[in-house]
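The values are calculated or read from the model by the stated rules, or taken from the named source; none is laboratory data. Treat the numbers as computed from the prediction; the structure is a model and nothing was measured. FYI the Cβ positions are ideal-geometry reconstructions off the backbone, even for glycines, and counts take in every protein chain you see.
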Amino acid sequence: MSLKAKLEAVIYAAEEPVTLAQLAELFAGEALLWKAEQQANALNALTQPTAEALEHGSPQAELAGLDEIPDGNDDDTNAADDEARLRQAKKRQDREVREILRAALDELIAQYRGDERGIEIREIAGGYRLATKPECHDAVRAFVKSLKPALKLSLPALETLAVIAYKQPVTAPEVAEIRGVDSAGVLGSLISRKLIATAGRKQVVGRPMLYKTTREFLLRFGLKDISELPSMEEFEKMAALELSDTLSDSDEASDSERGNETGDLFDHTETGAAQSAAQAAASEAMESDADQPVADNTPEAEQVENSFQ
């Protein structure tokens, strides 16, 4: 299994975003091997690597070099120098491993972004996590709503959370001043949900408590950091689009109502004309019946006629 496949499997299985440090701890040796293979591929050595390539590019040689402790009898070195060199070599190796893993993750991210997939690898809250692509959110939201009712924040809680997110660190009086109402109860609710936390005290009279958003806030909203929050310009554009959609929907509704009224008028007119035509036809039939002579073919009429004779 390739290094990228293992990274993909770990990111998928993790409940929390996987940090680069965690991946480096898991795949240090494999990352160095992966780099050696990449270098070999670049040199068109796709078959058996040469002894020189193994000597200069293999992680085993690098690790072996780290394990070699200089002889304590050497006059030019001592135990402290040996430990310092080992620490420096270990730091260089850790940096190299992280660079290799970051390169592999960048390739994975680009691969997910380019493919026709519904998920992608995103950098969230200092780690990596699989997430649905924005264009698939409607489908996922409909599916989640069909499973159980969504947990929603109240409007005061959303307002308070927005103020803290954009103004953090901020005090409770500052939040209340912006919102125009007391927010003490809402702050307690947001703290219990781990969306905000205290951030020390402000160095002013009274030393009020400061509040900031948490890592849980980034996880819930799928943000890498606070800088990914939408700007005021983006909010204005979304509000303008929503307003235009509302106006177009109202115009369509008005046109539909006018069409229904016109249709009703035509229906009433046609019904009245039909009724008038029916009444005229009935009147003509009655008049034609009145103009025709009545046939005296009944027995009573014959008896009366015979008596006069």
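Things to note:
- Residues of the stretch 198-229 satisfying the condition of being under 16 Å from the mean Cα position of the chain (by Cα), closer than 14 Å to Leu161 by Cα and free of Cβ contacts under 8 Å to residues at least 24 places away in the same chain: Glu216, Phe221
- Residue list for the stretch 127-154, filter: assigned to a loop (DSSP other than H, G, I, E, B), exposed (fewer than 14 other Cβ atoms within 10 Å of the Cβ) and modelled with pLDDT of 85 or more: Ser154
- Note on the stretch 155-191: residues that are assigned to a loop (DSSP other than H, G, I, E, B) and over 21 Å from Arg215 (Cβ atoms) amount to 4.
- Positions within the stretch 1-44 being of a type in the set (Ser, Thr, Tyr) and either in contact with a helix residue (DSSP H, G or I) (Cβ under 7 Å, 6 or more places away or on another chain) or farther than 16 Å from Arg98 by Cβ (or both), in sequence order: Ser2, Tyr12
- When the stretch 175-190 is filtered for residues that are without any contact (Cβ under 8 Å) to a residue 12 or more places away in the chain and out of contact with any helix residue (DSSP H, G or I) (no Cβ under 6 Å at 6 or more places or on another chain), the ones remaining, listed by number, are Ala176, Glu177, Gly180, Gly185, Gly188.
- Which numbered condition Leu247 fails, given (1) under 21 Å from Gly126 (Cα atoms); (2) out of contact with any Gly (no Cβ under 9 Å at 6 or more places or on another chain): (1)
- Some residue of the stretch 20-33 being outside any helix (DSSP H, G or I) and either modelled with pLDDT under 90 or surrounded by 13 or more Cβ atoms within 10 Å (Cβ to Cβ) (or both): yes
- Count of the stretch 74-121 residues, restricted to those that are closer than 15 Å to Leu23 by Cα, in contact (Cβ under 8 Å) with a residue 40 or more places away in the chain and not aliphatic (A, V, I, L, M), is 5.
- Residue in the stretch 199-211 that is part of a helix (DSSP H, G or I) and modelled with pLDDT under 95 present: no
- Residues satisfying the stated conditions in the stretch 1-19, i.e. in contact (Cβ under 8 Å) with a residue 40 or more places away in the chain and either in contact with a strand residue (DSSP E or B) (Cβ under 9 Å, 6 or more places away or on another chain) or loosely packed, with under 12 Cβ neighbours inside 10 Å (or both): Leu7, Glu8, Ile11, Tyr12, Ala14, Glu16, Pro17, Val18, Thr19
- Inter-residue pairs, beta-carbon under 7 Å, first in the same structural domain as Asp225 (by TED's automatic domain parsing) and in the stretch 163-174, second among the small types (Gly, Ala, Ser), 6+ apart: Pro169/Ala199; Ala172/Ser183; Ala172/Ala184
- Whichever residue in the stretch 167-224 is acidic (Asp, Glu) and surrounded by 14 or more Cβ atoms within 10 Å (Cβ to Cβ) and, among such residues, is farthest from Arg141 (Cα to Cα): Glu174
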